[in-house]
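Written out below as C-alpha cells is the structure these notes cover.
Any read-out appearing in this document is the output of simple, stated calculations on the displayed coordinates, not a laboratory observation. No experiment lies behind these values; they were computed from the predicted model shown. Please note: Cβ atoms are built from the backbone with ideal geometry, for glycine as well, and neighbour counts cover all protein chains shown.
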Amino acid sequence: MAQRHKSAVKRHRQSEKRADRNRQIRTRVRHAVRELREVIAKKETSSAETLLPTVVRVIDKAATKGVLHRNSASRRISRLSGQVAALKSA
C-alpha cells in the first residue's frame with residue numbers, strides 16, 4: 001500500500017473501492033448469464049423469455065458503469081437473444 005503521500009493513500013483507497021464495486025458487478029453479470037444459459041439448456045422457453053430482459057438489463061448496466069466494454073456487452077446480449085429466439089422457434 002502507498003504510505004508516503006496523502007494523495008497516494010487516498011488514490012489507493014479509491015482504487016480498492018472501485019475494484020470491489022467492479023467485482024460485484026462482474027459477478028452479478030456472470031450469475032445472471034449462467035442462470036439464463038441453464039434455463040436455455042433445459043429448454044424452458046417461457047422462463048427464458050421472462051429472464052432475458054433481466055439479464056439484458058444487468059449486462060447493460062455493467063457496460064454503463066464501464067465494467068464491460070459496450071461492444072462486448074452488445075455481443076453478449078445479441079448471442080443470448082439469439083439463443084432464446086432459437087429456443088422459441090424450435
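Some points to look at:
- The set of residues in region 42-53 that are more than 12 Å from residue 84 (Cβ to Cβ) and either of a type in the set (A, V, I, L, M, F, W, C) or under 13 Å from the mean Cα position of the chain (by Cα) (or both) is empty.
- Residues of region 72-90 that are within 13 Å of the chain's Cα centre (by Cα) and either basic (Lys, Arg) or more than 20 Å from residue 21 (Cβ to Cβ) (or both): 74, 75, 76, 77, 80.
- Looking across region 7-30, the residues that are without any contact (Cβ under 8 Å) to a residue 40 or more places away in the chain and under 8 Å from the mean Cα position of the chain (by Cα) come down to 27, 28, 29, 30.
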